[in-house]
Amino acid sequence: SMLRNLLTDRFKLTFHREQKEFSLFELEVAKNGPKLRKSTESPDSPAALLSTVYPQRIVLPARNTTMGEFTSLLQRAVLDRPVVDKTGITGKYDFDLTWAPDNSQFGGGVAAASPDAPSPPFFTAVQQQLGLRLIATRGPVDALVVDQADHPPAN
């Protein structure tokens, strides 16, 4: 709220939220079902989702993680659009995901793997290793719409 007040005072920023239609990914259970292990961690333990970038592959070990936390990570760091959890899977899981990156991931900040990389591409890895799939579609997303922003006054 302090940042919002600063932006309002300094830049006369006004905005509102509304639903807009955007390109997004829906995370669904694949045809043969999920390949996830129930977490062995205490339910109160925090989730651990930290990817490691190696030449030619990304490794993402996830521990004590919900599907919501996983989709949030995909949306924030890996993919270029919102990700919506449509799996219906509840609970916390442990899994490992390894894939060969391409230029569309991590905002283009990770070098693309060569075509002969030992790990599969991201979408293939999600399906093969987790029993889930990402479907590109369009749908409603909560958007922040700027109504007005002025240049700041001189100091």
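Within 13 Å, Cβ to Cβ, of ALA47, how many net charges do the neighbouring residues add up to if Lys/Arg are +1 and Asp/Glu are -1? Taking every other residue near ALA47 into account, the sum is -2. With a cut-off of 13 Å between beta carbons, the residues surrounding ARG81 carry a summed charge of 0, where Lys and Arg count +1 and Asp and Glu -1. At a Förster radius of 22 Å, what calculated FRET efficiency corresponds to the Cβ-Cβ distance of LYS12 and VAL141, to the nearest 0.05? Plugging the Cβ-Cβ distance into 1/(1 + (r/R0)^6) gives 0.25. Heavy atoms of the protein chains alone define the surface here; on that basis the chain has 62 Å² accessible area per residue at 1.4 Å probe size.
Projected over all directions and averaged, the alpha-carbon convex hull of the chain occupies 12.7 nm². Can you pull the percent of the range 16-155's accessible area that's carbon plus sulfur, 1.4 Å probe, other chains left in place? That share works out to 51 percent. Under 13 Å from the Cβ of GLN19, count the other residues' Cβ atoms, weight Lys and Arg +1, Asp and Glu -1, and hand me the total. Around GLN19, the charge tally is 0.
The values are calculated or read from the model by the stated rules, or taken from the named source; none is laboratory data. In this text, all values refer to a predicted model and were calculated from it rather than measured experimentally. Methodologically, a virtual Cβ is constructed for each residue, glycine included, from the backbone with ideal geometry; neighbour enumeration extends over all protein chains shown. SASA here: full protein model, heavy atoms, side chains in, ligands and nucleic acids out. Shrake-Rupley method; radii C 1.70, N 1.55, O 1.52, S 1.80 Å.
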